[in-house]
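Q: Could you have a look at this structure, given as structure tokens, before my questions?
The values are calculated or read from the model by the stated rules, or taken from the named source; none is laboratory data. Here the structure is a predicted model, which is why all the values come from computation and not from measurement. So basically every Cβ, Gly included, is an ideal-geometry build from the backbone, and we count neighbours across all protein chains shown.
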Amino acid sequence: MEASAATAGAPRGGRGARERILRAAAELFASDGIHATGIAKLTDVAHVSTRTLYQHFPSKEALIAAYLRHIESEGTALGETALERGDLGARERLLRLFAERPAVSPPAKVVRGCPLHNAAVEAAGSLPEAAAVVERHKREFTARVIETAAEAGANEPDTLGRQLVVLFEGARALSTSLNDVQPLQDAEELATTLIDQAVGRA
């Protein structure tokens, strides 16, 4: 595989090696899958030696967990940044969750969905450290949605929050399975109905 624009021309090893490894992991795990991506391909795309990779990450699972935490810290790939928008009211933040669309990867234009969810599906119980990162994040995300539902004035914020998370996660998973954003559009309409009923706007 050719080096990406993010890593092309980078020196092997040296300063910035950890960041190059994480960028390579993000690129390759999304395009080829976690299990299909071997250490040799990671080191080639990241322009590091195998020794350097293992100096930063003692195992592939440690790299996968670090990659997932890196995805969390950037936030944009998860489609959850609307909850942090200070320029929007609580109701608008909830609705904006469903208005944003996941990344589509060229050239095949594949709908990638949530990288954390995709990693959990691939892990299928075989990567406990990575699974723990995903579970923690999803629980924290649910709590943030419930908190925002309460701020929006929902009469049962716990119920609304959990329903919205099921709708959000389910729509993104189905869009990935179908390679079609239509489930996201359907989810946006359903979310509007649920939110407006819960805050007495129906």
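Q: Here's a check for you: in the range 76-129, which residue that is assigned to a loop (DSSP other than H, G, I, E, B), hydrophobic (A, V, I, L, M, F, W, C) and surrounded by fewer than 19 Cβ atoms within 10 Å (Cβ to Cβ) is modelled with the highest pLDDT? So that I can check it myself, show each step before the final result.
A: Taking the range 76-129 as the starting set, the residues that turn out to be assigned to a loop (DSSP other than H, G, I, E, B) are 79-80, 85-89, 100-103, 106-109, 112-114, 124-127.
Restricting the remaining residues to those that are hydrophobic (A, V, I, L, M, F, W, C) gives 88, 103, 108, 114, 124, 127.
With surrounded by fewer than 19 Cβ atoms within 10 Å (Cβ to Cβ) added as a condition, the list becomes 88, 103, 108, 124.
Working: 88: 94, 103: 61, 108: 55, 124: 76.
Only one residue tops the list, namely 88.
Q: In the range 44-54, which residue that is in contact (Cβ under 8 Å) with a residue 12 or more places away in the chain and part of a helix (DSSP H, G or I) is surrounded by the most Cβ atoms within 10 Å (Cβ to Cβ)?
A: 46
Q: Can you spot a residue in the range 161-176 that is out of contact with any Cys (no Cβ under 8 Å at 6 or more places or on another chain), among the aliphatic types (A, V, I, L, M) and free of Cβ contacts under 8 Å to residues at least 12 places away in the same chain?
A: yes
Q: Additional query: Whether any residue in the range 182-191 is without any contact (Cβ under 8 Å) to a residue 12 or more places away in the chain and farther than 23 Å from residue 146 by Cβ is what I want to check.
A: So far as the range 182-191 goes, yes, one or more of its residues are without any contact (Cβ under 8 Å) to a residue 12 or more places away in the chain and farther than 23 Å from residue 146 by Cβ.
Q: Still on this structure, please answer the following. For residues that are under 12 Å from residue 111 (Cβ atoms) and surrounded by 15 or more Cβ atoms within 10 Å (Cβ to Cβ), tally how many sit in the range 163-192.
A: Residues flagged as under 12 Å from residue 111 (Cβ atoms) and surrounded by 15 or more Cβ atoms within 10 Å (Cβ to Cβ) within the range 163-192 amount to 9.
Q: Condition test on residue 139, is it in contact with a Ser or Thr (Cβ under 9 Å, 6 or more places away or on another chain) and among the basic types (Lys, Arg)?
A: no
Q: Kindly establish whether residue 112 is within 28 Å of residue 70 (Cβ to Cβ) and in contact with a Lys or Arg (Cβ under 6 Å, 6 or more places away or on another chain).
A: In short, no.
Q: Would you be able to say whether some residue in the range 157-164 is of a type in the set (A, V, I, L, M, F, W, C), closer than 16 Å to residue 98 by Cα and either assigned to a loop (DSSP other than H, G, I, E, B) or not assigned by TED's automatic domain parsing to the domain that holds residue 93 (or both)?
A: Of all residues in the range 157-164, those of a type in the set (A, V, I, L, M, F, W, C) come to 160, 164.
From the residues that got through so far, the ones that are closer than 16 Å to residue 98 by Cα too are 160, 164.
Applying the additional criterion that residues be either assigned to a loop (DSSP other than H, G, I, E, B) or not assigned by TED's automatic domain parsing to the domain that holds residue 93 (or both) yields none.
Within the range 157-164, none of the residues are of a type in the set (A, V, I, L, M, F, W, C), closer than 16 Å to residue 98 by Cα and either assigned to a loop (DSSP other than H, G, I, E, B) or not assigned by TED's automatic domain parsing to the domain that holds residue 93 (or both).
Q: Taking the residues in the range 28-43 that are surrounded by 15 or more Cβ atoms within 10 Å (Cβ to Cβ) and not in a helix (DSSP H, G or I) as candidates, determine which candidate is modelled with the lowest pLDDT.
A: Ranking the candidates gives 34 first.
Q: Give the residue, chosen from 10, 25, that is farther than 30 Å from residue 161 by Cβ and modelled with pLDDT of 90 or more.
A: Just one listed residue meets the conditions, 25.
Q: Mind checking whether some residue in the range 172-179 is in the same structural domain as residue 146 (by TED's automatic domain parsing), more than 15 Å from residue 99 (Cα to Cα), of a type outside the set (Val, Ile, Thr) and outside any helix (DSSP H, G or I)?
A: Yes: one or more hits.
Q: Going through the range 180-202 one residue at a time, which ones are in a helix (DSSP H, G or I), touching a helix residue (DSSP H, G or I) at 6+ places or on another chain (Cβ under 7 Å) and more than 13 Å from residue 98 (Cα to Cα)?
A: Within the range 180-202, just 198 meets the criteria.
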